[in-house]
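The structure appears right after this line, and notes come after that.
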Amino acid sequence: MVKKVDFHEIENKEFLSFIIPEDKELLIEALNELILGTKLKKTLNVRYLSGESSCWWKISLDKVDVGKSFVIVGVALDIGREMESQGTLLEAKQAAEKSEASKSIFLANMSHEIRTPIHTVTGLAELLLDTKLDSEQKEYVTQIDFAAKVLLTLINDILDFSKIEAGKLVFENIEYNLYDTIVNSVDLSALEAHRKGVDVAILIDDNLPQFIYGDQVRLRQVIVNLMSNAVKFTKEGEIILEVKTKPIDKERVLLNISVTDSGIGISLDKQKRLFKAFSQADASTTRQFGGTGLGLSICSSLVQMMGGVMAVNSKEGEGASFYFEIPVTVGKKNKLQYPEPPIKDLKALVVDDNHKVNKIFSDILRSWGYRVLEVYTVMDALSELIKKATMGEPYDLCFIDQILPGMDGWQLASEIHSNSLIRTTKTLLMSLKGKGIEESKMKLLGWFQGYLTKPVKKEELYNTIKELYSRTLESEVDTSLEDDDIEELEVLSDEIVDDNLDDDDDEYLEPLKFSDDVYDDLEELIPIDEELYSDDLANFKSMDQSGNQEEIDYIPSSTPTILIVEDHLVNQKLFRIILEKSGYNVITASDGQEAIDIVKENTLDLIFMDCQMPVKNGYDSSKEIREMGFTIPIVAVTASAIKGEYDKCIESGMSDVMTKPFKKDDVMKSINKWL
């Protein structure tokens, strides 16, 4: 407040009499410092009384020597208007902080409210897919699950964008396996690409540090987003992820990651909008391919926050290449170690109709000193194999893509197997599909000696070749069906009944009808004893349809009791079904107080605790359980996206945190961790 003071109001009056009591001590202390000589100048702001109101003075005090004595000179400047402005700014700042806090709480609550029903949808879809469904029903459930996960991705994009805009996004700095992070991120998108008939390849610099320091989750997020976009906009051809490194100093390298596709491409004028929020190439892109237009904006911001930059090279109709560079600190291991070739001095033929993918794969073999030829058709492959065999220089290895023009990889393998001149060449299948039926068929027919899943990783290729040549001569020569082969035959026959074999697979199985080895081995089959020990029965519960034991689903012979605390009844039921189907004893509660009562009256092995509940929330309930002296592991189940949620859960006495929506695997991993 600024107020004009009449001179006669202050004439011949003691200066201190104007200062309000709360500030008078400050002025006296300043005067004493000048008198005692500890200070020569002093400036302070004090409030003075003017009538019934108070105003602000800025007082400047100076100690001036006069002969052997001194005087203190003071100047008072009215700063009422300035203080009013500062007060207004302070109020505005406090209001903005309050608004930002409210926004964060709102986003966290919305995240919880939206994620909870999405979790219900994805969880029930996962349970449905484990039941007996016909092909049409399975397709419908798969689409429901896919749609729910797309919705969850959109929600996560919006939340990440809000955090970035507010400057609230926090990065971790932990040591993690960079190589595994990259290849696993590619695998997440490769399956969808293969469904469309699009090939995927990975090209990684041999000098790549295996371990680095940084935020693994955010780097994976950027790679997955770029790969997903490439899959979305590519109808045919290939998607190639390439990783290069360049040393900065002894401790750091510059990491360059690019994702290049053969998709629709982007015109130069549209590229300018790509990294802006809520922007895609144009409105028709949104209509045709979907999305919020936030993905690339978020990725670009994340890369900038990691100290790097993202860019794009593209021409309309000629595909696109998105790339980014970030500096990273090297971890414990300098680079992936391939000290020498798995087997030295081999000659290999690579059969793949995609020229770029073929070259990438062949160059890996060449890096080990192998003599490699690339061919793109079945006829060229047969011609080359026969020519070199006739010259007395047969190929040691032949890598065959499963899908080839004119004649597929299985038919090529059949031709090689039936030709005595070239059948000594070891053949390896490169497949876009999972290992299930393809691996069973491969072992049964004996036409392939190895199996690789695209995109082929250098480490996988190295181990496959090494394993192939480490087998004993006896196992390679013996072609009769052993016990393992009978199991594979049983699995394959089940798959055939389910119509999983292609229509033309009958011609491969026809010769087996007249095989004496098959009849001899099948005569030895006997029924399994109906009585199983209880421990064995518990183990069988976690076997999949092909008889493979999944370690994460193992149930101890002494069945634990688990408490589920969840107020959403559908999610509670979903959680209960997952645990009961896995053989656990389950107790449920709908709020924190009910959970506390159950803890008092029962012996529990583990608690899954929802955080947001009526009556008493999960945080307070966990605190009370700990105060009562119980040490039962408590796993928080939260859909909150607010910063500090993990710390809040741990501070409340919880042992771990599991976020919604979760899958059965997440639940089982948590159980294995704490039981």
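Just so you know, all these numbers are worked out from the coordinates, no wet-lab data involved. All values reported here derive from a predicted model rather than from experimental measurement. Note that we place each Cβ from the backbone using ideal geometry, even for glycine, and neighbour counts take in every protein chain shown.
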Exercise for the section: Could you order peptides 457-470, 231-244 by the average number of other Cβ atoms within 10 Å of their residues, highest first? Expected result: 231-244, 457-470
Exercise for the section: Would you kindly calculate the translational diffusion coefficient of region 174-330, applying Stokes-Einstein with the Kirkwood radius from alpha carbon pairs, for 37 °C and a viscosity of 0.692 mPa s, and quote it in µm² s⁻¹ without decimals? Expected result: 206
Handout entry: Taking 59, 174 and counting other C-beta atoms within 10 Å, the order from fewest to most
Key = 174, 59
Practice task
Specify whether the C-alpha gyration tensor of region 149-226 places it in the rounded, prolate or oblate class, a ≥ b ≥ c being the square roots of the eigenvalues: rounded for a/c under 1.5, otherwise prolate if a/b is larger than b/c and oblate if not.
Solution key: oblate
Handout entry: Ranking of 194, 119, 355, 417 by count of other Cβ atoms within 10 Å, fewest first
Key = 355, 417, 194, 119
Practice task
At 0.36 nm per residue, minus the direct Cα-Cα distance, what do residue 25 and residue 666 gain on full extension? Give it in nm, one decimal, please.
Solution key: 224.4 nm
Completion exercise
Footprinting proxy, 427, 377: sorted fewest to most Cβ within 10 Å, the residues are 377, 427
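Taking 0.36 nm per residue of separation and subtracting the Cα-Cα distance, what length does fully extending residue 577 through residue 647 add?
22.2 nm
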Problem - Relative packing of 73-83, 130-140, which averages over residues the other C-beta atoms within 10 Å, highest first - result: 73-83, 130-140
Completion exercise
Unit-weight point scatterers at every alpha-carbon of region 351-396, Debye formula, q = 0.18, 0.28 1/Å: log10 I(q)/I(0) is -0.58, -1.03
Fill in the blank from the handout: Everything considered on the Cα gyration tensor (a ≥ b ≥ c; rounded for a/c under 1.5, else prolate if a/b is larger than b/c, else oblate), region 553-674 must be described as rounded
Handout entry: Options 182, 225, 214, ranked by Cα towards positive dipole end of region 174-330, top entry (Cβ charges)
Key = 225
Practice task
With only Lys, Arg, Asp and Glu charged, each at its Cβ (+1 for the first two, -1 for the last two), find how big the charge dipole of region 174-330 is about the Cα centre; round to the nearest 20 debye.
Solution key: 580
Exercise for the section: Compute the distance in nm between two label points, each set 7 Å from the Cα along the Cα-to-Cβ direction, one at residue 559 and one at residue 470. Expected result: 4.1
